[in-house]
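The values are calculated or read from the model by the stated rules, or taken from the named source; none is laboratory data. Note that the structure is a prediction, hence the values are computed from the model and not measured. Note that each Cβ is placed from the backbone with ideal geometry, even for glycine, and that neighbours are counted across all protein chains shown. Remember, those area values only see protein heavy atoms, side chains included, never the ligands or the DNA or RNA. Shrake-Rupley method; radii C 1.70, N 1.55, O 1.52, S 1.80 Å.
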Amino acid sequence: MEEISTFLSFVSGAAAASVAFIAWIKLTKVNDQNETDILLSIDKRWGNHESIKARMVIHKLYRDINERYKNCIENLPKEEKDTFIQAQLGYEIAHLSKEITLTDDFIYLLNFLDFMESIAFLVKEDRVTPERLNALCGESLMFNYKIFKPYMDEKRDRHGDKSFYVNFDYLYKKLSKLDQIQKSKN
């Protein structure tokens, strides 16, 4: 009788472990599908009219800066040139926030920045991985952070509130760590 009881205990334990394992596999598939659905939704917003307009404004500013400072930056190493242009873009974006005649352009940029904050929130909540999100956005999230940083800092100071854009800060730190790991492998 004791042997049967031991056997039944073993079988029920094995069955419980099997059910738990199957549930874990199913849950993993559901989580992967949820992340895929979120990424598809982000991709849709990335390509909507407002985001494209903001990216057009950024591109125009980028080209203007490249032309304006062409003689100063043409012989700089790529990394220094990129840093300079990103800093100038940041200055231009912060300036646009105060320029009454360019309100439409700035509102597109502000909406885009809010979008960056929203998708960064999804990373912070472990809904999407920073690697997959960055790949989806064409590896441009760190660039976007750097060009919006002066405006974000100015807004934090103006309102006396350091909580603005904390999710985007978080995402940038995550991507910076990943970038450092990648560079150390190469």
*Could you list, in sequence order, all residues of the range 64-83 that are under 17 Å from ALA94 (Cα atoms) and either modelled with pLDDT under 95 or loosely packed, with under 15 Cβ neighbours inside 10 Å (or both)?*
ASP64, THR83
*Collect the residues in the range 68-86 that are over 21 Å from TYR145 (Cα atoms) and touching a helix residue (DSSP H, G or I) at 6+ places or on another chain (Cβ under 6 Å), keeping them in residue-number order.*
ILE73
*Within the range 96-142, considering residues that are open to solvent by 30 Å² or more (accessible area, probe 1.4 Å) and in contact (Cβ under 8 Å) with a residue 60 or more places away in the chain, the one nearest to ASN167 (Cα to Cα)*: LEU122
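Residue by residue through the range 164-186, note down the ones that are under 20 Å from ARG127 (Cβ atoms) and either in contact (Cβ under 8 Å) with a residue 60 or more places away in the chain or surrounded by fewer than 17 Cβ atoms within 10 Å (Cβ to Cβ) (or both).
Within the range 164-186, VAL166, TYR170, LYS173, LYS177, LEU178 qualify.
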*If you go through the range 54-87 one residue at a time, how many are over 21 Å from the mean Cα position of the chain (by Cα) and among the polar types (S, T, N, Q)?*
3
_Against the definition (outside any helix (DSSP H, G or I), at pLDDT below 95 and out of contact with any strand residue (DSSP E or B) (no Cβ under 9 Å at 6 or more places or on another chain)), how does ASP179 come out, yes or no?_
no
